[in-house]
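K.L.:
Structure in structure tokens, see below.
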Amino acid sequence: MELELLLKCVKQSCDISRYTLISILAATGMRRGEAGGLRWSDIDFKDNLIYINRTRDFYGERSAKTLNSIRCIDMTEVLRNGVLNES
């Protein structure tokens, strides 16, 4: 309920890039730096997967810190159809 309210407020008051970022973070649980390191090639729309293998922060982009940080996250249909189709 609170997440729905947050996303509604963000959608109404922010640009599509910020809304997409916050929606991805909320739906997947990935870290902000991991989302910042995403490339289109990391998103598999056929199998609904997001591959995490790098991070981005004020030092720039680099590979993930640990082997456990490199992973694959299932992309929900809501995320795929709702957020990513709006961007």
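Taken together, the values in this text are just the output of simple stated rules run on the coordinates, not laboratory data. Since the model is a prediction, treat every value here as computed from it, not as a measurement. Quick reminder, even Gly has a Cβ in these numbers, built from the backbone with ideal geometry, and neighbours come from all protein chains shown.
K.L.:
Restrict the search to the chain; then list the GluC sites (Glu not before Pro) that DSSP places in a loop and that have at most 12 other Cβ atoms within 10 Å of their Cβ. Write down the numbers at each step before the final one.
P.N.:
Values: sites: Glu2, Glu4, Glu34, Glu61, Glu77, Glu86; in loops: Glu86.
Sparse-neighbourhood loop GluC sites (Glu not before Pro): Glu86.
K.L.:
Here's a follow-up. Each residue of region 23-36 in turn: what ³J(HN,Hα) in whole Hz from Karplus with 6.51, -1.76, 1.60 and θ = phi - 60°, glycine and Pro shown as x?
P.N.:
Per-residue couplings from phi come out as 5, 5, 4, 5, 6, 10, x, 6, 7, 4, x, 5, 5, x Hz.
K.L.:
Non-local amide H neighbours of Cys72 (under 5 Å, H modeled in plane, Pro and chain starts lacking H): which ones?
P.N.:
Ile52
K.L.:
If you don't mind, there's one more thing I want to ask. Whole number please: convex hull volume per residue of the Cα set in region 1-68, in Å³?
P.N.:
Numbers: hull volume 8.3 nm³, N = 68.
Spelled out: Cα convex hull of region 1-68, divided by residues, is 122 Å³.
K.L.:
List the trypsin sites (Lys or Arg not before Pro) within the chain that DSSP assigns to loop and that have no more than 16 neighbouring Cβ atoms inside 10 Å. Mind showing how you got there, number by number?
P.N.:
Working: sites: Lys8, Lys11, Arg18, Arg31, Arg32, Arg39, Lys46, Arg54, Arg56, Arg62, Lys65, Arg71, Arg80; in loops: Arg31, Arg39, Lys46, Lys65.
Those satisfying the criteria are Arg31, Arg39, Lys46, Lys65.
K.L.:
For region 9-80, which chymotrypsin sites (Phe, Trp or Tyr not before Pro) are in a loop by DSSP, counting at most 14 other Cβ atoms within 10 Å?
P.N.:
Details: sites: Tyr19, Trp40, Phe45, Tyr51, Phe58, Tyr59; in loops: Phe45, Phe58, Tyr59.
In loop regions of region 9-80 (DSSP not H, G, I, E or B), the sparsely surrounded chymotrypsin sites (Phe, Trp or Tyr not before Pro) are Phe45, Phe58, Tyr59.
K.L.:
If you don't mind, there's one more thing I want to ask. Non-local amide H neighbours of Met30 (under 5 Å, H modeled in plane, Pro and chain starts lacking H): which ones?
P.N.:
none
K.L.:
With runs of 4+ DSSP H residues as the only contributors, calculate the mean residue ellipticity of the chain at 222 nm using -39,500 (n - 2.57) per run, divided by the residue total and rounded to the nearest 500. Each step should come with its number before you reach the end.
P.N.:
On the way: 3 runs with 30 residues, N = 87.
-10000 deg cm²/dmol, from helical runs alone.
K.L.:
Something else now. Considering amide H positions built from the backbone, and no H for Pro or chain starts, which residues 5 or more places from Ala64, or on another chain, come under 5 Å of its amide H?
P.N.:
Residues meeting the criterion, in which the H sits 1.01 Å from N, are Arg54, Thr55.
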